[in-house]
Structure formats: C-alpha cells, structure tokens
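Colleague: Here it is, the structure in full.
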Amino acid sequence: MKGFKKVAIGSDHAGFTYKARLLEHLRKAGYEVTDVGCDSEERCHYPLFAHRLCRLVQNGTCRYGILVCGTGIGMSMAANKHRGIRAAVCSDEYSTKMTREHNDANVLCLGARVVDYDTAERLTDIFLSTGYISGDHDTRVKMLGEIENCSFKDGE
Ligand code: RB5
C-alpha cells in the first residue's frame, strides 16, 4: 500500500522523551517518519504540534500520525478539529486495535503521564499494523465526516 509506511509524529514537552524514543523505534522498523516537533522539554503548546501533524495527514504526505502529550487528551482535542482527522486517545491494546478496525482512526494520541513507555511503543505498533474493517463500519465513519462538514441529516 503506497504511503502506508509514512508516519508523522509530534509531541509537546510532556511527550518529548516518548516521541524521541518512538521516532527511533519506528525508523528502525522501516517507517519513514516526519517529526513535527517539539524539539526539547521546554514548555510549549500542544495545539501547534497537533496542527502541524494533521496537515501532513490531511494532505496525504503521511498516512498516519502519532501524537504524545501528558494525557493524550489535549492532542486529541486539537487533532479532531481538523477535517478528515479521526484521532483516538488510547491507553490499552483493545481500544487501539478497535479504533483502527472500527473507526478507521488515522491519528493515535498517547499520554506519557498515563502509560509507560513500553506500553506506548506496543500501542503504536498495534495501531500501525491494524487495518480498518470496511463494511458495517463504513456508514458510521461516513457519518462522522458528515457531522464534520455539517451535511449530516438526522433521519429521526
Ligand atoms: C502539559 O502540562 C499538559 O497539559 C499537556 O501535555 C496535555 O496533557 C494536555 O492535554
């Protein structure tokens, strides 16, 4: 699958150390990884890095994105404000697998103050290696897009 191995990664100061390690891990695993920052543990603002990463996923430069902040929540809130982005905060393997299979999530958000590094690495691997199961879920994923572009019709 063309572009499948192209991944973007970003963090704020709270996620910086995890990002550096995940970047190394993914490159070793053969992914072409674009690092959108931040570049140190100096305090910074997560929406900026979520935005930079989402632009790369939106324009097709990268197939998936991995965002790390303290909880993963701020990153997911910022990411989900971007058209076409389906970002999920995950801290367990089941949810990580399901958000790819059922929600066709394209951005994984991790909390460096929530999960230990090994878990973050495992969740990243699961996210990037799990495919979306089309069929039943297509209608729901399409509805997410309709809500986003204000064309959703409540048939009730
Ligand atoms: C930074 O202190 C923290 O608020 C941020 O990393 C993130 O957890 C926000 O959701």
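Colleague: If r is the Cβ-Cβ distance from His51 to Ser134 and R0 is 25 Å, what FRET efficiency results, to the nearest 0.05?
Modeller: It comes out at approximately 0.30.
Colleague: Extension gain Met98-Arg21, at 0.36 nm per residue separation less the Cα-Cα distance, in nm?
Modeller: So the chain would gain 25.3 nm between Met98 and Arg21.
Colleague: Something else about it: Okay, helix-only estimate at 222 nm for the chain: each DSSP H run of n ≥ 4 adds -39500 (n - 2.57), divide by all residues, round to 500 deg cm²/dmol; what do you get?
Modeller: Rounded to the nearest 500, the figure is -13500 deg cm²/dmol.
Colleague: Could you pull out every one of the lysines with an alpha carbon less than 28 Å from that of Lys97, ignoring same-chain neighbours closer than 8 positions?
Modeller: By straight Cα distance, Lys97 reaches Lys2, Lys5, Lys6, Lys19, Lys28, Lys81, Lys142.
Colleague: Tabulate in residue order the Karplus-calculated ³J(HN,Hα) for segment 14-23, using 6.51 cos²θ - 1.76 cosθ + 1.60 with θ = phi - 60°, rounded to whole Hz; enter x for Gly and Pro.
Modeller: Here the 3J(HN,Hα) series is 5, x, 4, 5, 4, 4, 4, 6, 5, 4 Hz.
Colleague: With +1 on each Lys and Arg Cβ and -1 on each Asp and Glu Cβ, and nothing else charged, work out how big the dipole of segment 70-156 is about its Cα centre, in Debye to the nearest 20.
Modeller: The calculation lands at about 300 debye.
Colleague: May I ask which residue of Cys90, Val68, Asn106 lies farthest towards the positive end of the charge dipole of segment 58-131, with charges of +1 (Lys, Arg) and -1 (Asp, Glu) on Cβ and the Cα centre as origin?
Modeller: Going by the Cα projections, it comes out as Asn106.
Colleague: If you average 1/r over every pair of different alpha-carbon atoms in segment 76-156 and take one over that average, what Kirkwood value in Å do you get?
Modeller: Here the Kirkwood hydrodynamic radius works out to 13.5 Å.
Colleague: Skipping prolines and chain starts, which residues have an amide H placed within reach, meaning under 5 Å, of the one on Cys109, given they are 5 or more residues away or on another chain?
Modeller: Leu67, Ala88, Val89, Cys90
Colleague: Please give the direction-averaged projected area of the C-alpha convex hull for the chain, in square nanometres with one decimal.
Modeller: The Cα convex hull of the chain, projected and averaged over all directions, gives 9.2 nm².
Colleague: At a Förster distance of 25 Å, what's the computed FRET efficiency of Lys153 paired with Gln58, Cβ-Cβ distance as r, to 0.05?
Modeller: The computed FRET efficiency comes out at 0.50.
Rule-based calculations on the coordinates, nothing more; no lab input. As the structure is a computational prediction, the values presented were derived from the model and not from experiment. Note that we place each Cβ from the backbone using ideal geometry, even for glycine, and neighbour counts take in every protein chain shown.
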